1. Report yes if some residue within the range 42-64 is closer than 14 Å to ARG132 by Cα, outside any helix (DSSP H, G or I) and not charged (D, E, K, R); otherwise report no.
2. Say we look at the range 112-141 and pick out the residues that are assigned to a loop (DSSP other than H, G, I, E, B) and among the basic types (Lys, Arg); which of these is modelled with the highest pLDDT?
3. Does ALA66 satisfy the criteria of being at pLDDT below 95, within 16 Å of GLU127 (Cα to Cα) and touching a Lys or Arg at 6+ places or on another chain (Cβ under 8 Å)?
4. I'm trying to understand the selection: among the residues of the range 79-108, which are surrounded by 13 or more Cβ atoms within 10 Å (Cβ to Cβ) and over 15 Å from ARG60 (Cβ atoms)?
5. I'm trying to understand the selection: among the residues of the range 1-11, which are assigned to a loop (DSSP other than H, G, I, E, B) and either within 12 Å of PHE106 (Cβ to Cβ) or in contact with a His (Cβ under 7 Å, 6 or more places away or on another chain) (or both)?
6. Taking the condition surrounded by 20 or more Cβ atoms within 10 Å (Cβ to Cβ) and under 10 Å from the mean Cα position of the chain (by Cα), does VAL131 pass?
7. Considering only the range 71-91, how many residues are of a type outside the set (Val, Ile, Thr) and part of a helix (DSSP H, G or I)?
8. Which one is nearest to ARG3 (Cα to Cα) among residues in the range 66-121 that are among the acidic types (Asp, Glu) and either touching a residue at least 40 places away in the same chain (Cβ under 8 Å) or in contact with a His (Cβ under 8 Å, 6 or more places away or on another chain) (or both)?
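The values are calculated or read from the model by the stated rules, or taken from the named source; none is laboratory data. Since this is a predicted model, take the numbers as computed values, not measurements. Virtual Cβ from ideal backbone geometry, glycine too; neighbours counted across all protein chains shown.
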Amino acid sequence: MPRAVTPMALGTPMGMYSHGMVAPGGEIVVVAGQVGMAPNGQALQGDVVAQTKQALANVRAVVEAAGCTMRDVVRFQTFLTRPDDIPGFMKARSEAFPGYFPDGVFPPNTLVVVSRLVRPELLVEIEAMAVRPPRPARGGRRPAGAGRRATAGKRRRTRR
């Protein structure tokens, strides 16, 4: 499980994020930017709170399809199209995050305001990165080839 990093020199983060995150070894899951579009392909019109909640639900769907939970997310990057939407974005996070991160350890998040997204009705886009925990080996067996030294195409000869 990822652990938050809070350097004493920086103090407590200003919001629902960690300054850094240490993730144990595993496979990296990269989630493309998710927007406030419902599964039917329709954007939720004009409401950054609703679009943010939908974008987070879409992130969750991808993360879970990859065999993770939201607790495995180690980084968010968020793009808003209007600075005036920052309070609405924060409101949506404060409503959604306790369910996603019940231990109160939130992944780092970078928030950037951009001129627009791919479609003008979209107000928020959220990228994520998660680390899928290593899967235990079945029956204690190593995968084929594990622990063998490569011989660059040559077979070793033994003397008799």
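1. First, the residues of the range 42-64 that are closer than 14 Å to ARG132 by Cα: 60, 62-64.
When the remaining residues are screened for being outside any helix (DSSP H, G or I), the result is none.
No, the range 42-64 contains no residue that is closer than 14 Å to ARG132 by Cα, outside any helix (DSSP H, G or I) and not charged (D, E, K, R).
2. First pass over the range 112-141, keeping only residues assigned to a loop (DSSP other than H, G, I, E, B): 114-123, 133-137, 141.
From what is left, the residues that are among the basic types (Lys, Arg) are 116, 119, 135, 141.
Numbers: ARG116: 95, ARG119: 92, ARG135: 76, ARG141: 51.
Residue satisfying both the conditions and the ranking: ARG116.
3. Working: at pLDDT below 95: yes; within 16 Å of GLU127 (Cα to Cα): yes; touching a Lys or Arg at 6+ places or on another chain (Cβ under 8 Å): yes.
When the stated conditions are applied, ALA66 passes them.
4. Result: PHE79, LEU80, THR81, ARG82, ASP85, ILE86, GLY88, PHE89, MET90, LYS91, VAL105, PRO108.
5. So the first thing to find is which residues in the range 1-11 are assigned to a loop (DSSP other than H, G, I, E, B), and the list is 1-2, 6-11.
Across the range 1-11, the qualifying residues are PRO2, THR6, PRO7, LEU10.
6. Criteria met by VAL131.
7. Kept after step one, since they are of a type outside the set (Val, Ile, Thr), are these residues of the range 71-91: 71-72, 75-77, 79-80, 82-85, 87-91.
Then drop every residue that is not part of a helix (DSSP H, G or I), which leaves 71-72, 83-85, 87-91.
So the count comes out to 10.
8. ASP72
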